[in-house]
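The values are calculated or read from the model by the stated rules, or taken from the named source; none is laboratory data. Remember, predicted model here, so these are calculated numbers, not experimental data. All Cβ positions, even for glycine, are placed from backbone atoms using ideal geometry, and neighbour counts span all protein chains on display.
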Amino acid sequence: MRLTDGTARTQSAQDAQATKLIAWLDGCFHREEEWYKKFLECRGPSAQKLLDLLQDLLDLSPTKQPRLLNALRRLSSESKLYPHCFRLPHLQNKIKTGGGTFSDVYVASLGDQQLAVKEMRVFGEMDIATYEEAFSKEAITWRQLSHPNVLPFYGLFKDGTQLCLVSPWMENGHICKFLKTQPQACNIDKRLSLILDIALGLEYLHKQGIVHADLKGDNILVTPALNACIADFGLSKVAPTPSSLPHFISQPYGTGAVHYQAPELHAFDAGTKLKAADSRSDIYSFGCLMYEVMAGKHPFSNMLNIGAVISEVTNGRRPPCPPPECRLEIRKLNAAWTLVEACWAQNPNERPTAAQVVEALKGTGIGARETKPPGSWDHSSTSRFRRDLGGMQPLPSVPELQMMVYGTHY
């Protein structure tokens, strides 16, 4: 969308005001202990205005603002409120495109934009308010993420009692579909580039302290620029727990697919408590994804019995190296397979980190190259989305901000 001169001037003035407010707030959060305490005591409409302002400033800032983000999280937690921008207006033309145990997926439109809508399913007597609160809390983290290989999160949409997560629509679909429908575009170098894309996205998430916990082919989407991006990060933390599900659904740690889960996630400790996923189990799942991209099928695809898969994994058995017909050069296949086996290590402590995986993929043995990311995905993609919808309010002055906190001039 081409900006008019007037619109450009307005945005420029807003960006300048945002810079001024960010600097002022950062100083207050860092040095003004009494002011910060008063800020965190705000409730009701005052707290809502402050939360909306903080998210506006985070959307507009080209750099990370850890103090502002921490203040947003703390005020949200203590006030039980969330930025209004997470709530999107009514979506049009919803068409179902797929679904799974925990959600249905739709394509919908909002203005002239096509969006992906993941509608979370409600089971039995689930507490909808608690469920929504958990999603809103996680949404604060998701909204701040910005990486070419991580799917942008635009907001939440409530359709009756159904809670929906909204993100850009990816016409190419997930990586498994892409590999099957576009085989001519998936030679050895492209497959390795897609694997590197996933590793770069995972490295970024782990640096942010985020464990995906449900890495699998269905959660890796292919952009119009033909690079891979990770979706559904963090959903396992807020997905229904086994106790809230029908009796026939029982999977460790929420949503993880058994064929991609690390052996330690299938083991009970002395207190019969399932272990939680962590960055090391994510690496195991990444190894499964590497296998899937290389072989064109998920691990243990010939086994329909989940118990049999768990038995294989917990006993240290893994699928064999894909045959030559996968079209990988022998040298690159051997180097890539060595990395897969490292990611699949039975002992979690022996697996590489995401950063080490990236280094290995870029090394001379494998030689994977990064895919050029789409130019529209940067720190400002969510703020541009909101501007297109007319959803960003004029920023206050410093005196007006002081009045939000104290009710009078500071």
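Do we find a residue being under 23 Å from residue 58 (Cβ atoms), assigned to a loop (DSSP other than H, G, I, E, B) and either touching a helix residue (DSSP H, G or I) at 6+ places or on another chain (Cβ under 6 Å) or not small (Gly, Ala, Ser) (or both) anywhere in region 126-139? Within region 126-139, none of the residues are under 23 Å from residue 58 (Cβ atoms), assigned to a loop (DSSP other than H, G, I, E, B) and either touching a helix residue (DSSP H, G or I) at 6+ places or on another chain (Cβ under 6 Å) or not small (Gly, Ala, Ser) (or both).
Collect the residues in region 158-202 that are small (Gly, Ala, Ser), in a helix (DSSP H, G or I) and surrounded by fewer than 17 Cβ atoms within 10 Å (Cβ to Cβ), keeping them in residue-number order.
We begin by selecting, within region 158-202, every residue small (Gly, Ala, Ser); these are 160, 167, 173, 185, 193, 199, 201.
Next, from what is left, pick out any that are in a helix (DSSP H, G or I): 185, 193, 199, 201.
Once the filter is applied, which keeps residues that are small (Gly, Ala, Ser), in a helix (DSSP H, G or I) and surrounded by fewer than 17 Cβ atoms within 10 Å (Cβ to Cβ), region 158-202 yields only 185.
Report yes if some residue within region 324-344 is assigned to a loop (DSSP other than H, G, I, E, B), crowded, with 19+ Cβ neighbours inside 10 Å and at pLDDT 95 or above; otherwise report no. Steps first, answer last, please.
Of region 324-344, the ones assigned to a loop (DSSP other than H, G, I, E, B) are 327-329, 344.
So of that shortlist, the ones also crowded, with 19+ Cβ neighbours inside 10 Å come out as 328, 344.
Next, only the ones that are at pLDDT 95 or above stay: 344.
Among the residues of region 324-344, at least one is assigned to a loop (DSSP other than H, G, I, E, B), crowded, with 19+ Cβ neighbours inside 10 Å and at pLDDT 95 or above, which makes the answer yes.
Entry remark, region 109-118: residues being surrounded by fewer than 20 Cβ atoms within 10 Å (Cβ to Cβ) and among the small types (Gly, Ala, Ser) number 2 in total.
For region 288-316, filtered to residues that are under 14 Å from residue 194 (Cβ atoms) and not small (Gly, Ala, Ser), the residue that is farthest from the chain's Cα centre (by Cα) is 294. Inspect all residues belonging to region 110-118 and state whether any of them is touching a Ser or Thr at 6+ places or on another chain (Cβ under 7 Å) and among the small types (Gly, Ala, Ser). Looking for residues that are touching a Ser or Thr at 6+ places or on another chain (Cβ under 7 Å) and among the small types (Gly, Ala, Ser), one finds at least one in region 110-118, hence yes. Only one of the listed residues (70, 93) is under 28 Å from the mean Cα position of the chain (by Cα), not β-branched (Val, Ile, Thr) and not in a helix (DSSP H, G or I). That residue is 93.
When region 276-317 is limited to residues that are more than 22 Å from residue 348 (Cα to Cα) and outside any helix (DSSP H, G or I), the one that is modelled with the lowest pLDDT turns out to be 304.
Residue 369 falls short on exactly one of the conditions (1) modelled with pLDDT under 95; (2) buried (at least 16 other Cβ atoms within 10 Å of the Cβ); (3) under 15 Å from residue 195 (Cα atoms), and that condition is (2).
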